[in-house]
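The values are calculated or read from the model by the stated rules, or taken from the named source; none is laboratory data. If you're wondering where the values come from, they're calculated on a predicted model, not measured in any experiment. We place every Cβ from the backbone using ideal geometry, glycine too, and count neighbours over all the protein chains shown. Protein only, heavy atoms only, side chains kept; ligands, DNA and RNA dropped before computing areas. Shrake-Rupley method; radii C 1.70, N 1.55, O 1.52, S 1.80 Å.
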Amino acid sequence: MPQPRELWDSAAPGWNGQTALITPWLAAPTITMLDQAAIGPGMRVLDLAAGAGEQSCAVARRIGAGSILVTDISPVMLKLAERNLAAAGLRNVQFQCLDMEDHGLEAASFDAAICRMGLMFTTRPEQALQAVRAALKPGGRFAALVFSAPPGNPSMGIILSIALRHAGKPPRDPFQPGSLMSLGKPGLVDKLFRDAGFRDVRVMRIAAPIRTPSIDAYLQFVQSAAAPVRDLLDAMAEGARRAALAEMAHALQPFQQRDIFEAATELLLAAGEKPPAD
């Protein structure tokens with residue numbers, strides 16, 4: 001099984017190549033995330049598991065003369081983020097390859113921190129949250145977007161179950177640490193934030209459907225950008241892979257409308273503050 005760095009190195013070009021789909025999908029949740037992190041002009045912000053940096057651009061514009069440290073476990077992904085922010089003309093940015101569970105950043109050095117769709121992939125989220133809290137200045141806020149539980153993400157559940165079966169693997173616990181919906185278990189992310197020492201913890205559900213022109217376009221997105229599913233499909237023999245994709249396409253038919261495919265998707269936005277007296 002590929003290690004997290006290898007997995008995301010492999011998926012990086014596909015994720016970056018799907019920016020035209022990802023941007024509108026996560027546009028509104030991203031704005032809410034930045035608001036919940038209380039990001040404003042002049043701040044120094046930490047962006048964890050930044051991917052190709054689309055949300056980093058939004059932060060860089062919002063902070064003006066401030067600065068942002070863009071990080072990811074994948075050096076390939078980080079290079080794409082560096083290229084994308086440079087192309088956007090943003091210069092108030094630094095980049096560092098690191099693991100959010102054990103980053104070694106200077107304590108109390110950031111005004112705010114964010115993590116968009118990355119925290120759920122940590123196998124030790126409690127350690128990651130403690131590390132984020134340590135990096136924040138007293139009173140600094142952290143906000144993270146993750147997938148909610150399977151009932152809010154039915155198309156994802158369909159794809160994962162079919163991929164596992166065709167890969168000859170048993171069904172998985174949807175809340176298995178490090179998996180897509182690992183932090184979606186009701187009450188879990190709230191508890192993790194509080195146990196890590198955050199106060200004023202808020203968790204909200206956000207409906208964020210993924211819209212594409214067709215089922216084929218959605219499956220292309222999954223194959224190129226959804227690293228855990230992509231890993232399962234790539235490990236299959238060609239016949240098994242074709243059979244899995246055909247079954248997925250059939251099972252996803254209920255989400256196809258006349259001229260658009262809409263995959264119901266639900267996110268959780270969790271946010272908390274490092275105590276001022278910490």
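Quick notes on this structure:
- Computed over protein heavy atoms with a 1.4 Å probe, the accessible surface of the chain works out to 43 Å² per residue.
- Highest-first arrangement of 254-262, 59-67, 157-165, where packing means the average Cβ count within 10 Å: 157-165, 59-67, 254-262
- Residues in the stretch 252-258 carry Karplus couplings, in order, of 8, 3, x, 8, 8, 9, 4 Hz; the curve used is 6.51 cos²θ - 1.76 cosθ + 1.60 with θ = phi - 60°, and Gly or Pro positions show x.
- Compactness of the chain was expressed as the Cα radius of gyration divided by 2.2 N^0.38 Å, which yields 0.98.
- Ellipsoid fit via the Cα gyration tensor, the stretch 15-75: semi-axes of 19, 15, 9 Å, each the root of five times an eigenvalue, largest first.
- For the stretch 85-168, applying the loop criterion from DSSP together with a ceiling of 16 other beta carbons within 10 Å to the GluC sites (Glu not before Pro) yields Glu106.
- Accessible surface of the stretch 113-256, 1.4 Å probe, proportion on carbon and sulfur as whole %: 55
- Rounded to whole Hz, the Karplus (6.51, -1.76, 1.60) HN-Hα couplings of the stretch 208-213, x for glycine and proline: 9, x, 8, 10, 9, x
- For the Cα trace of the stretch 100-235, dividing Rg by the Kirkwood Rh returns an Rg/Rh value of 1.02.
- Summed residue charge, Cβ within 14 Å of Val59's Cβ, Lys/Arg positive, Asp/Glu negative: +2
- Amide hydrogen neighbours beyond the local backbone of Ala108, cut-off 5 Å, H modeled: Ala135, Leu136
- Protection-proxy order for peptides 227-237, 9-19, 114-124, each taking the mean of Cβ atoms within 10 Å per residue, highest first: 114-124, 9-19, 227-237
- Sequentially through the stretch 20-33, phi angles give Karplus couplings (6.51, -1.76, 1.60; θ = phi - 60°) of 5, 8, 5, 4, x, 4, 9, 4, 5, x, 5, 4, 5, 4 Hz, Gly and Pro residues having no value and appearing as x.
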